Amino acid sequence: MDCVNSLRCVAAVAAATCFLPATPSWPADVRQYSSPDGQLCARIGFSKNSPTATPESRVTITAGAKVVFERSYESEDGEHGFGVERAAWTPDSRFFVFSLSSSGGHQAWHFPTDFWCRADARVRRLDDYIGPITSAEFSVSRPDVVTTEGRKDDLEEAELRASLRTLLEPRGKR
């Protein structure tokens, strides 16, 4: 190989490496939550490339080696996604609940809270059922009750409590 071709090769390799990410974005930290019945495992992966104080997250639920649910709350710029603040299984293992906060600090008063339903493997936003949630903290109690803080219709702060199973029942059965 002559000198000119050798320099072209070095320049091409150098240019290509400038576009490779220094490190993969997933995961910097992973938290695991086993369901009370031991049949499912939820994993929360936190992005290590998030430029903000709240790292963006990915939620994965597995049954053995099979992935039954996965959702990324990552944004392209690391400032318009969501990070998981708190997560827990309901005691009956039917629901996985997790509160979120905005990675960019948008709506700092609001902590959207999602829950995954084992029966249909879908995720839903608890806020859509009980109103805006204003605390990342929540508790779960038997069998599937979530208690948190939020705003009622009059926008006053209040304790909000809901049975997730009851929320999902058809209106006629409630």
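The values are calculated or read from the model by the stated rules, or taken from the named source; none is laboratory data. The structure displayed is predicted, hence computed values, not measured ones. Glycine also receives a Cβ, built like all others from the backbone with ideal geometry; neighbour counts cover every protein chain displayed.
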The range 91-124: number of residues that are touching an Asp or Glu at 6+ places or on another chain (Cβ under 6 Å), closer than 22 Å to Phe46 by Cα and part of a loop (DSSP other than H, G, I, E, B): 3
Boolean, Phe111 is within 16 Å of Arg71 (Cα to Cα) and either within 17 Å of the chain's Cα centre (by Cα) or not acidic (Asp, Glu) (or both): no
Residues of the range 146-174 classified as in a helix (DSSP H, G or I) and surrounded by 10 or more Cβ atoms within 10 Å (Cβ to Cβ), total: 5
Residue match in the range 143-158 (condition: polar (S, T, N, Q) and within 24 Å of Gly83 (Cα to Cα)): yes
Residue pairs meeting the criteria (Cβ under 9 Å; at least 6 apart or on separate chains; first farther than 19 Å from Arg171 by Cα and of a type in the set (Lys, Arg), in the range 111-135; second assigned to a loop (DSSP other than H, G, I, E, B) and modelled with pLDDT of 95 or more): Arg118/Ser35; Arg118/Leu40; Arg118/Ser93; Arg118/Arg94
So Val59, is it surrounded by fewer than 18 Cβ atoms within 10 Å (Cβ to Cβ), of a type in the set (Val, Ile, Thr) and either modelled with pLDDT of 85 or more or under 16 Å from the mean Cα position of the chain (by Cα) (or both): no
One residue from Ser99, Ser93, Ser103 being in contact with a Pro (Cβ under 6 Å, 6 or more places away or on another chain), surrounded by 17 or more Cβ atoms within 10 Å (Cβ to Cβ) and among the hydroxyl-bearing types (Ser, Thr, Tyr): Ser93
Residue, surrounded by the fewest Cβ atoms within 10 Å (Cβ to Cβ), within the range 125-145, restricted to residues that are polar (S, T, N, Q) and assigned to a loop (DSSP other than H, G, I, E, B): Thr134
Condition check for Arg71: out of contact with any Cys (no Cβ under 9 Å at 6 or more places or on another chain), surrounded by fewer than 22 Cβ atoms within 10 Å (Cβ to Cβ) and at pLDDT 95 or above: yes
Evaluation of Arg94 against (1) in contact with a Leu (Cβ under 9 Å, 6 or more places away or on another chain); (2) more than 24 Å from Ser139 (Cβ to Cβ) (one fails), failing number: (2)
Test result for Asp144, closer than 22 Å to Leu168 by Cβ and in contact with a Lys or Arg (Cβ under 7 Å, 6 or more places away or on another chain): yes
